[in-house]
Amino acid sequence: MRLLSIRLHPFGKFQDSSWDLSDPLVVISGPNETGKSTLRQAIFHSLFTPTNLTPSRFRNLIAPWLPLPAGDYAAITLDIDDNGTHYQLKKRWGSQSTSHLTTPDGSALSDTETIARILEKLCGHNEATFRHIFFTGHDELENTIAKLKANSFELRDIRSLVQAGNETAGDIDQRRFEDLLEQRIKKYFGRWDDDRQRPIRQNGQEKLVGNEWKQGVGEILTAWYAWQTLIAEQKTILRIEKEIDAITSQLITIEEQVKTDQKFLSEFGPLRDQLSERSVMEERISRLTSELKLLRKVFAAWPTAHASVDAWKIQRDSLVTQSKNLDDEIRIARLREQADDIVHNYLTIESTEKEMHEAQDAMKKQRRPEPEILLTIETLHHEVTHLENILAAQSLTYSITSHPAQSVVITHSDDPPEQREIQKIPFTGTASGRIQIESSGLVITVDSGTEDVEEIFRDLHKKRTALRLTLEGSGVSSVAEAKEQSSSYDSLALRTESKKETYRALLQGKTRAEWDKRFAEIEGLRKTRDSKTIELELESVRHSVSTGDQSLKTHQERIQLWEKSYTNLEALGENLLTVQHDLRTAEITLTTLPHVPSSFSSSDAFVHALDSAQERININSEPRSTLAAQRGGLEGQLGDRRSEDLTEEADNARNYFEYILDEGNSYKRIKETLASIASIDNTSLDEFNKRVAEIFSTISSSNSQLDFLDTLPSHITRGTIRMSPERLSQGARGALALAIRLTLAELYLQSASGFVMLDDPLVHLDKDRLSEAISILKSFSKRFPVIFFTCHEQQADLLRV
């Protein structure tokens, strides 16, 4: 498989950008922050990250690559060549997420699972292989050995790639080897819960520091206890240090305050008495000044107040008389303005009174049955109707024929008899309750069989007679006429009452005589100004009276107060002269006293500051002794231990714990691997180890001997010096990591195609090693595709040559 091109539209900082990836060695260069890492992430996600992500996985994997500031989707188009056949992959994450894969035969696939299976087949290796072998992120190269250890079970066993088919068991007894492994694992994992990464519980109780396991403790738990003990001690020491710092800070604050207060008292203490006297004198001058000002004001205002009271009494009588005249004038003006309305209302009252009398006369002339008689008429009418309905409900149907024709008398119910000629053609009819037929002395009577019809007829006749007599006595011919007379009377009564109500409303609470009098008065009214003008003048007069009365009250209250305080104007003058003399004496005394220091607003403030300083010195004496004793006790607890030392010791203990834990896990991995495979001929790894050593020696320009533990270098020998990979220089570690990566990639890519992607792997190499590394990468790219990212244009130029 080989990538041909990629388009980001958008992804990260790229809105719509494309790259040609078809060359065997693709070099992508540029300064930092130009998007190289973004492109590398885009290539990885296009191959291995599906579009149907959960919200959590979307936030972790794709959200960092949404365009800023508010992009809601990322999209990639990738063209792939697989042994001469072309695939085009399109993925969109986020809003309207989709996946599309166009196959060589033109088929368009959109099912996420199907596309993932095809991509897995095209890649030829699992995601872990690409992530940890083929792809190298920025600053990841030097961690190659650690990453391979940590992810060994996700990768295909290297020995399956290099084993030459030798199936011999070797020189080691497998059972004995397994026993030794089990003993070593027990030695490491004694009392350790590997799932929880904590000590095994005892009866559900945690066995932490302070309650440790005493027996059967393995090396991992021993290292963990040592680490946790240092952490606990570090917390205690840190707490004590913070308490000492807090106490020291308090002591420094107190000492500085005491020192400041003592200096202040030493410098300004002697001025206390004189400044206290100055404060008293300043207060007296202020008081006398205010008193003198008040006395002068009263002395000037007293005669004026007496004059104002006398003047107002004269002016008020004139204003009261003027107000009465204006009241009379405005009353007449308003009567004249209301004359038209009064005349109109008066004429309306006369007209309504006339209509009311006419309605009363019409009501008196209207005939009607008394209410009791009308009720009797309506009751009899309802009863007659009821009996007629009963007879109607007992209707009889008859049919009469005669041969030959003859005359008969027919009586329906209680109606008058009727003479009928009966012939061959049937004569039919109906009767309510009874039918009687008479002919040639023969009488046929037929009654309804449900009730006593004779009784109904008698009752009906009685009710009809009573109704007729009642109507005649009321002077009406029918029930309807009686009702009409009653309704007419009620209408006239209602109209009469309506006119009465209208008449009462028009009177507006007055009698007719009052209206007559008021109408007569209109003719004798004198002419005046308009009411608006009069109102304004009256309001002004009333306001003047109110204002003058208020001013009079104020003047009288002041005169009473002054007389109470000073007796009379002469006594007030004498008091004023005395206060003037006292004020001059106080001002002369003040000039002989020292001034308040410029930093204080008054002598009171200065004296208060002296008292406060002395009080603080007294108050702080006890806390100083207490805090000093507390700090001495804490420093005794602290001894020579410091939190910085313990932090370093705790970090070393943690690193040692992780180292021991990694060693223990390595034995477990060996045991798991041993259980899953047959005995292996270790010589099958020689070719792999030689290739790693060859590339490393070439890049580092040294004759180095590499010792391997399984498939990873454990020691490097240079002359007489033997060291672990961790002791190599940064450049040498980079060279060793690159050698391991390229050798592993060669082995993996022999079984299935793929490509290698490197992000600035040569950044720590010097000039000579850089040249050798570039030569090896160029040679590697002739067999397997390489995508190389760098922010160093010199490296890019060397790779492109």
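Which length gain, in nm to one decimal place, applies between Asn325 and Lys263 when the Cα-Cα distance is subtracted from 0.36 nm times their residue separation? The partial results should precede the final answer.
Values: separation 62, 0.36 × 62 = 22.32 nm, distance 8.55 nm.
Separation in residues times 0.36 nm, less the Cα-Cα distance, equals 13.8 nm.
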Using only DSSP helix segments of four residues or longer, with each worth -39500 (n - 2.57), what per-residue ellipticity at 222 nm results for the chain after dividing by its residue count and rounding to 500?
-21000 deg cm²/dmol
Need one number: nm distance between label points at Ile332 and Asp245, each 7 Å from Cα along Cα→Cβ, rounded to one decimal.
10.1 nm
Hey, which of these cross-link pairs are over 18 Å Cα-Cα: Lys354/Lys500; Lys187/Lys214; Lys186/Lys668; Lys354/Lys499; Lys36/Lys91; Lys313/Lys564?
Lys36/Lys91; Lys313/Lys564
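With a ≥ b ≥ c the root eigenvalues of the C-alpha gyration tensor of the stretch 299-420, is it rounded (a/c under 1.5), prolate (a/b larger than b/c) or oblate?
Numbers: a/c = 8.22, a/b = 4.71, b/c = 1.75.
It is prolate, given that a/c is not under 1.5 and a/b is the larger ratio.
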Solvent accessible area, Å² - His461, 1.4 Å probe, full protein context:
120 Å²
How much accessible surface area, in Å² rounded to 10, belongs to the heavy atoms of His792 with a 1.4 Å probe?
70 Å²
By accessible area (1.4 Å), largest first, Thr589, Thr626 order as Thr626, Thr589
Residue-normalised value, i.e. accessible area per residue, for the chain at 1.4 Å probe, in Å², stands at 58 Å²
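Please tell me the relative contact order of the chain in percent, rounded to the nearest whole number, where contacts are Cα pairs under 8 Å and at least six residues apart. Write down the numbers at each step before the final one.
Details: 889 pairs, mean separation 187.1, N = 801.
Taking the mean separation of contacting Cα pairs over the length of the chain, I get 23 percent.
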Overall form of the stretch 456-523 per C-alpha gyration tensor (a/c, 1.5; a/b vs b/c)
prolate
With a 1.4 angstrom probe the carbon and sulfur portion of accessible area for the stretch 489-616, in percent, totals 52 percent
How much solvent-accessible surface does Arg331 expose, in Å² to the nearest 10, with a 1.4 Å probe and all protein chains in place?
130 Å²
What is the helix-to-structure angle for 453-473, meaning the angle in degrees between its Cα long axis and the longest Cα principal axis of the chain, kept from 0 to 90 and rounded to the nearest 10?
70 degrees
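Ordering Phe14, Phe134, Phe299 from largest to smallest accessible area (1.4 angstrom probe), what's the sequence?
Phe299, Phe14, Phe134
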Could you work out how far helix 603-638 tilts from the main Cα principal axis of the chain, as a 0 to 90 degree angle to the nearest 10?
50 degrees
From the Cα gyration tensor of the stretch 676-801, with a ≥ b ≥ c the square roots of its eigenvalues, which class applies: rounded if a/c is under 1.5, or else prolate if a/b is larger than b/c, or else oblate?
oblate
Between the Cα axis of helix 112-123 and the main Cα principal axis of the chain, the angle (0 to 90°, nearest 10) is 10 degrees
Quick one: if you stick a label point 7 Å off each Cα along the C-beta vector at Thr304 and Lys564, how many nm between them?
2.3 nm
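The values are calculated or read from the model by the stated rules, or taken from the named source; none is laboratory data. Small disclaimer: the values here were computed from a predicted structure and weren't measured. So basically every Cβ, Gly included, is an ideal-geometry build from the backbone, and we count neighbours across all protein chains shown. The area values use the complete protein model at the heavy-atom level, side chains included, leaving out ligands, DNA and RNA. Shrake-Rupley method; radii C 1.70, N 1.55, O 1.52, S 1.80 Å.
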